[in-house]
Amino acid sequence: MEHIIDLIVQLLTSWGLSENIASFLSISGLFILLTILIYIVDVVLKKIIRATFTKIANKSKTDFDDIMLENRVPGSIAQIVPYILTYNLIPSLFNGFENGKEFCEKTILLVGIGLTIWGVRNVLNSLKIYFKTLSFLKDKPVDSYIQVFMIFVWMTGIFGTVAIITGISFFKFIAGLGTVSAIIILVFRDTILGFVASIQVSINDMVRIGDWITLEKFGADGDVIEINLATVKVQNFDNTITTIPTYALISDSFKNWRGMDESNGRRIKRSLNIRMESVKNLSQDDILKMSKIQLISDYILQRSQDIKTYNENHTIDKSLLINGRNLTNIGVFRKYMETFIEQHSAINKDMMIMVRQLQPTAQGLPIEIYAFSSDKRWKNYEFIIADIFDHMIASVNDFDLKIAESPLFPASKK
């Protein structure tokens, strides 16, 4: 290149131009010609590589090449050759001007850093979109890992830029950052916490995209739609979006309903409070009346016969109802509700079914239904619960029981 410049300078000086002007014109002319040449090479290579990628994409079965085309990866690849030409040819124009040559080299290196970051970004975006199409990665926090790589790329680019501008060796510059590591940790605290949390969430399989989670501290109750390096986005059931710091999934307690979705039933666990003053032993007239309830008629007849046999064998004085063994209206009611639930078409018969008493409270004696609905869809699940408790509330009076109500609204004593 220097030889060509000398020839042009000699030619121009022979035309009567001064050496300085001839040197300036020769360098400027060659710079323009090289720029045009590199531009032409860049355009041609882009068309060739893009056409090649398009041809391969049309023939291949995978979507990855199509995604790379959409994210301009072929264009980034095509820029490699023009950049190498620029780096090797342009600075050589300024061999006689050290300051100009150094400035040119630094500028080209800085442009190279920018092009590298842009190319890596296009590749990572392509990988992110492609990974999300894979079934075994759909529920993984792919965005978090891509963001981590991009942060490293940006940091490397920034450090490289500073090293080039200051003239310090890149590795010496990195080593010198140890003195300001505390500041770096402080600045990137949330990023570091988010990165660590993302790894723990993924390795421990705590949360997946699509999981229904409840995190009361942040008012989140809905499906996870995105897991990033710093945040987790939850679409609540009212269609609002709650943003949660990723590290909150590690530091705070939350409920993940995935186990329910993957199981064979959704739990029903609800109680009805009974007024304890309405609980009583059953007389023969009561037993006769309740034996007409078809669902438990056989149970009542069999149970009352067993109790009668026991009392007779032990010579129990039944002039007082409290003596010996007796059926109670609350016990018969529990058996009735248990039998009703066992025969309910929407209840999973292979899972736990139980009707139990809980600890008595000032609000009455809780009778709790514990079972699992076969249908886990929210709307249908609520309908099943309502159907069971509609019947439960309506059946209470048939067992001479009363529902405990708030003192502000006392129940009728009739």
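The values are calculated or read from the model by the stated rules, or taken from the named source; none is laboratory data. Note that the coordinates shown come from a computational prediction; the quantities given were computed from them, not determined experimentally. All Cβ positions, glycine included, derive from the backbone under ideal geometry; neighbour counts span all protein chains shown. The accessibility values were calculated without ligands, DNA or RNA, using every heavy atom of the protein model including side chains. Shrake-Rupley method; radii C 1.70, N 1.55, O 1.52, S 1.80 Å.
A few notes on this one:
- Hits in the range 306-320 - residues which are assigned to a helix (DSSP H, G or I) and either touching a Leu at 6+ places or on another chain (Cβ under 7 Å) or charged (D, E, K, R) (or both): 306, 307, 308, 312
- Tally of residues being under 23 Å from residue 44 (Cα atoms) and either surrounded by 20 or more Cβ atoms within 10 Å (Cβ to Cβ) or among the β-branched types (Val, Ile, Thr) (or both) across the range 80-99: 6
- Residue check, residue 322 among the hydrophobic types (A, V, I, L, M, F, W, C) and either under 14 Å from residue 274 (Cα atoms) or open to solvent by less than 90 Å² (accessible area, probe 1.4 Å) (or both): no
- Among residues of the range 143-165 that are open to solvent by 50 Å² or more (accessible area, probe 1.4 Å), those with a Cβ under 7 angstrom from a residue that is modelled with pLDDT of 85 or more and not charged (D, E, K, R), sequence gap 6+ or separate chain, pair up as 149/124; 154/117.
- Residues that are within 23 Å of the chain's Cα centre (by Cα), free of Cβ contacts under 8 Å to residues at least 60 places away in the same chain and over 27 Å from residue 234 (Cβ atoms) are absent from the range 95-114.
- Those residues of the range 57-77 which are over 22 Å from residue 121 (Cβ atoms) and in a helix (DSSP H, G or I), in sequence order: 58, 59
- Residue pairs meeting the criteria (Cβ under 8 Å; at least 6 apart or on separate chains; first among the basic types (Lys, Arg), in the range 326-339; second open to solvent by 20 Å² or more (accessible area, probe 1.4 Å) and part of a helix (DSSP H, G or I)): 335/299
- Residue match in the range 395-406 (condition: out of contact with any helix residue (DSSP H, G or I) (no Cβ under 9 Å at 6 or more places or on another chain), at pLDDT below 95 and either closer than 30 Å to residue 222 by Cβ or outside any loop (DSSP other than H, G, I, E, B) (or both)): yes
- Helices (runs of 4 or more DSSP H) completely within the range 179-291 that count 1 or more residues being within 30 Å of residue 373 (Cα to Cα) and open to solvent by 80 Å² or more (accessible area, probe 1.4 Å): 258-262
- Residue in the range 111-128 that is farther than 23 Å from residue 194 by Cα, at pLDDT 85 or above, aromatic (Phe, Trp, Tyr) and open to solvent by 60 Å² or more (accessible area, probe 1.4 Å) present: yes
- Scan of the range 88-103 for residues that are in a helix (DSSP H, G or I) and either modelled with pLDDT of 85 or more or polar (S, T, N, Q) (or both), ordered by number: 88, 92, 99
- The residues of the range 321-361 that are of a type in the set (Ser, Thr, Tyr), part of a helix (DSSP H, G or I) and either touching a Lys or Arg at 6+ places or on another chain (Cβ under 8 Å) or over 21 Å from residue 308 (Cβ atoms) (or both) amount to a single one, 339.
- Residue in the range 34-50 that is loosely packed, with under 15 Cβ neighbours inside 10 Å and modelled with pLDDT under 80 present: no
- Residues of the range 294-315 include none that is of a type in the set (A, V, I, L, M), under 29 Å from residue 375 (Cα atoms) and either in contact with a strand residue (DSSP E or B) (Cβ under 9 Å, 6 or more places away or on another chain) or open to solvent by 80 Å² or more (accessible area, probe 1.4 Å) (or both).
- Considering the conditions (1) closer than 27 Å to residue 303 by Cα; (2) hydrophobic (A, V, I, L, M, F, W, C); (3) crowded, with 18+ Cβ neighbours inside 10 Å, residue 372 is excluded by exactly one of them, (1).
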